[in-house]
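**Q** Dropping a structure here in structure tokens format, bear with me for questions.
Read the figures in this text as sums done on the coordinates, not as results from a lab. The model shown is predicted, which means the values in this text are computed figures rather than measured ones. Glycine also receives a Cβ, built like all others from the backbone with ideal geometry; neighbour counts cover every protein chain displayed.
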Amino acid sequence: MKNKYTLFLFLALSVFMGCYDDKGNYDYEKLNDIEIEFIPEVDAYQIIGDEIKVHPKFKYALNDSSDLKLKYEWTYANKVISQERELVWVLDTHVQHKLVLRVTNVENNLTYIQSATIIPTTVYTSYDSYLVLSEKNGQSILSYILRRYKEDEDGEYIQDEFGREILECEVIEDIYYKENKEALGSHPLFLQEHVAKVFPSDGHVIVFQEGGQGSVDLDGTTMLKDILLADAFIGGAYPKDFHPVNAEMMDYTHLIENYDGKIYSKLKDSYKLFQSGYYIHTPLFFENKEVRASIINTQKIQSKQLTLLLSRGTSENPENRLLLVHDIRDQFSDVNSSGKVVALPEPKDGWPENFKPLTDLGDSKVLHIGYVAIGWETDAGYTMFLKNSDGTYQYQYFEIKREYSGEGLSYPQGKVPGSDKNSEMLFSCPITSPIPLEECKFCTLASKQNKYIFLAHGKEIYFMDRDVPQNGIRHYYTCKGNVVDMNGRTYQGDEMIIGLDNGGVLLLNTKEAKQISSDAEKFLWESGPEVDLGKIVDVTLKVGGNI
């Protein structure tokens with residue numbers, strides 16, 4: 001053993017001395033090292049099928065590159081995609097990886113590297129783009145409005161006379177068939193997006209329809225079919241006499257409204273999964289009876305923690321009041337009230353004079369209730385238009401505050417329109433209208449910045465300022481066709497999509513609506529005569545990818 005140790009020590013010493021001597025065998029010159037910069041900087045998220053152009057900029061240590069012989073190699077996912085200095089490449093894979101440039105000095109074989117991570121995505125996650133559901137030639141058609149801006153020959157965005165980038169949206173028709181190679185179905189009803197709490201969340205889209213394969217849930221990134229809605233019910237079958245008319249998807253609680261007012265629900269096991277839990281065939285119950293109500297959608301792009309219901313009751317036991325469905329599952333406490341139905345509270349100061357109590361609206365007919373974002377996820381504001389028994393119209397606004405980690409509900413303090421005094425946020429005033437409100441399509445912008453409600457009657461669009469509802473309803477824009485649906489779901493509330501009965505779609509500017517007068521400033525973009533999406537039934541902002 002001792003001899004082996006001595007031999008090892010001798011060999012190690014010999015190697016060390018050889019390395020040391022070897023150092024003196026070279027006459028080192030200063031190397032002309034290269035630093036690489038990608039111009040333009042490569043964005044992480046890239047759409048599959050888009051052309052990626054990168055012009056690498058080199059900085060040389062000796063400020064001179066005249067004597068360098070360089071070769072280039074671009075790779076992605078360990079595959080060589082180019083050997084030119086400048087990269088022009090179409091992204092053709094859905095694998096997240098690094099885009100790598102290796103620059104090799106041919107004379108000394110030294111290689112310099114620069115890279116950028118690419119997360120491939122699809123056009124269906126483009127920011128502030130829209131979905132349109134329609135019926136054409138007897139079939140359901142799901143179309144996509146891809147947001148693009150007009151560019152000059154240098155690739156710079158062109159602006160209009162108001163300093164805005166000019167929209168040149170692309171209408172991609174029948175994206176379900178394009179991606180799935182099969183017919184979507186027939187008798188389209190409406191769209192509903194649901195979002196899992198993951199980042200980035202691309203949102204799944206449920207197409208509700210009666211014909212063909214029935215309602216179907218689509219992957220929000222690829223628009224590929226994930227599951228049929230029937231598969232999300234216990235036993236893989238719908239309840240008896242199931243004909244959905246509306247839906248709302250909160251973090252844990254999902255609700256589907258049937259034509260007869262029954263509300264079917266499911267509780268998700270995890271908010272990080274798109275598909276978890278099952279709808280049950282037993283409708284929502286409250287006060288020992290089935291709920292018969294209309295869902296008031298929360299037009300929000302992020303977490304939804306409560307939903308209002310307009311309870312109508314039954315013919316035997318009619319009622320006209322608002323209920324609330326909680327969606328609470330606090331991971332730091334034992335509070336778990338997801339799917340629980342409760343009545344709204346009485347105000348501490350009593351209902352204001354002339355305000356129709358939310359707990360009993362009496363014989364007033366509710367024409368519209370619209371959601372407004374006001375602060376935390378547990379807070380919500382609502383606009384309400386009523387037609388009273390004497391034929392007069394009434395506008396009401398109220399806010400609801402929920403405890404951060406509990407069920408407690410209240411009406412927060414604030415300054416109601418037309419008053420400088422703090423009180424519970426419950427406001428009411430009479431409304432005169434140039435149009436019959438019961439015949440209108442409504443769109444309350446959920447934004448805190450642009451506080452407007454839009455109303456459409458035929459081809460005409462009107463608006464009302466929520467800050468001064470006493471100023472009444474004013475005309476805004478005349479469309480080329482009758483309005484069938486409107487949606488103003490953007491975070492800033494600065495634009496609204498309109499579906500028309502001529503099969504076209506229109507984007508209007510709603511930013512600071514009360515301060516603009518010309519149609520040119522109100523107009524953003526409209527589909528051309530070559531676009532005919534058929535009978536449009538629903539238009540909506542696709543929020544997946546925006547979160």
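**Q** Where Lys and Arg each count +1 and Asp and Glu each count -1, what net charge lies around K535 among other residues with Cβ under 12 Å from its Cβ?
**A** Surrounding charge for K535 is -4.
**Q** Rounded to whole Å, give me the distance from the Cα center of segment 80-147 to that of segment 479-547.
**A** 29 Å
**Q** Could you pull out every residue, at least 5 positions away or on a different chain, whose amide H is within less than 5 Å of the one on Q46? Hs are placed 1.01 Å off N in the peptide plane, and Pro or chain starts have none.
**A** I119, T121
**Q** Sticking with this one: Residue-wise, which Karplus ³J(HN,Hα) couplings in Hz belong to segment 344-357, taking 6.51 cos²θ - 1.76 cosθ + 1.60, θ = phi - 60°, and x for glycine or proline?
**A** In residue order, the calculated couplings are 6, x, 7, x, 4, 9, x, 5, x, 4, 6, 7, 6, x Hz.
**Q** Further question on the same structure: Could you give the length gained by full extension between Y60 and K272, i.e. 0.36 nm per residue of separation minus their alpha carbon distance, to one decimal place?
**A** Extra length from Y60 to K272 when fully extended: 71.5 nm.
**Q** Within segment 382-426, report the trypsin sites (Lys or Arg not before Pro) that DSSP leaves as loop and that have at most 11 other Cβ atoms within 10 Å. Intermediate results must be reported in sequence, preceding the final value.
**A** Details: sites: K387, K401, R402, K415, K421; in loops: K421.
Here the sparse-neighbourhood loop sites are K421.
**Q** For V88, V216, V537, what ranking results if the residue with the fewest other Cβ atoms within 10 Å of its Cβ goes first?
**A** Ascending number of Cβ neighbours within 10 Å: V88, V537, V216.
**Q** In nm, give the distance between the simple-model label positions of E210 and Q159, each being 7 Å from the Cα along the Cα-to-Cβ direction.
**A** About 5.1 nm separates the two model spin labels.
**Q** Return P(r) of segment 203-357 (all Cα-Cα pairs; 10 Å bins starting at 0; whole %; ordered from short to long distances).
**A** 10, 37, 35, 14, 4, 0
**Q** Just the Cα atoms of segment 338-424: what Rg and Dmax do they give in Å?
**A** Considering segment 338-424 through its Cα atoms, Rg and Dmax are 13.8, 43 Å.
**Q** Which of W74, W376, W525 comes first, and how do the rest follow, when ranked by fewest Cβ neighbours within 10 Å?
**A** Ascending number of Cβ neighbours within 10 Å: W376, W525, W74.
**Q** Rounded to the nearest 500 deg cm²/dmol, what is the calculated helix-only ellipticity per residue at 222 nm for the chain, with -39500 (n - 2.57) per DSSP H run of length n ≥ 4?
**A** Per the formula, -2000 deg cm²/dmol.
**Q** What distance in nm separates the simple spin-label points at H243 and T75, each placed 7 Å from Cα in the Cβ direction?
**A** 6.2 nm
**Q** Tell me, what does the Kirkwood hydrodynamic radius of segment 34-121 come to in angstroms if you use every pair of distinct C-alpha atoms?
**A** Computed over Cα pairs of segment 34-121, the Kirkwood hydrodynamic radius comes out at 13.6 Å.
**Q** Past the 28 Å Cα-Cα mark, which pairs from K304/K356; K415/K459; K136/K365; K57/K178; K348/K511?
**A** K415/K459; K136/K365; K57/K178; K348/K511
**Q** Quick check: the angle from helix 2-23's long axis to the longest principal axis of the chain, C-alpha only, nearest 10 degrees?
**A** 90 degrees
**Q** Determine the alpha carbon to alpha carbon distance for each of K266/K340; K53/K98; K98/K542 and list only those over 19 Å. Numbers along the way, then the final one.
**A** Values: K266/K340 12 Å; K53/K98 15 Å; K98/K542 28 Å.
Beyond 19 Å between Cα atoms: K98/K542.
**Q** Local charge sum around L229 (other residues, Cβ-Cβ under 12 Å, Lys/Arg +1, Asp/Glu -1)?
**A** With Lys, Arg at +1 and Asp, Glu at -1, the neighbours total -2.
**Q** Related question: Given 20 Å bins starting at zero, what is the percent of C-alpha pairs of the chain in each, up to the one with the largest pair distance?
**A** Bin by bin from 0 Å, the calculated values are 18, 44, 23, 10, 4, 0.
**Q** So what is the relative contact order for the chain, in percent, with contacts set as C-alpha pairs under 8 Å and at least six apart?
**A** Computed over the chain, the figure is 10 percent.
**Q** Further question on the same structure: Starting from the Cα of K451, draw a straight line to each of the aspartates and glutamates and keep only those under 17 Å, dropping any in the same chain fewer than 8 residues away.
**A** Qualifying aspartates and glutamates at Cα under 17 Å: D379, E399, D465, D467, D494, E495, E512.
**Q** Provide E290, E182, E161 in ascending order of the number of other Cβ atoms located within 10 Å of each residue's Cβ, fewest first.
**A** Listing E290, E182, E161 from fewest to most nearby Cβ atoms yields E161, E182, E290.
**Q** While we're looking at this one, here's another question. If each residue of separation counts as 0.36 nm, what is the full-extension length gain between E439 and F285 once their alpha-carbon separation is subtracted?
**A** 52.2 nm
**Q** Please report the projected area of segment 439-539's Cα convex hull averaged over all directions, in nm².
**A** Numbers: hull surface 24.4 nm².
Dividing the Cα hull surface by four gives the mean projection, 6.1 nm².
**Q** Work out how much length N354 to K98 would gain on full extension: take 0.36 nm times their residue separation and subtract the Cα-Cα distance, in nm to one decimal.
**A** Length gained, N354 through K98: 85.7 nm.
**Q** Continuing with this model, one more query. Can you give me the distance in nm between label points at L224 and R312, each placed 7 Å from the Cα along the Cα-to-Cβ direction?
**A** 4.1 nm
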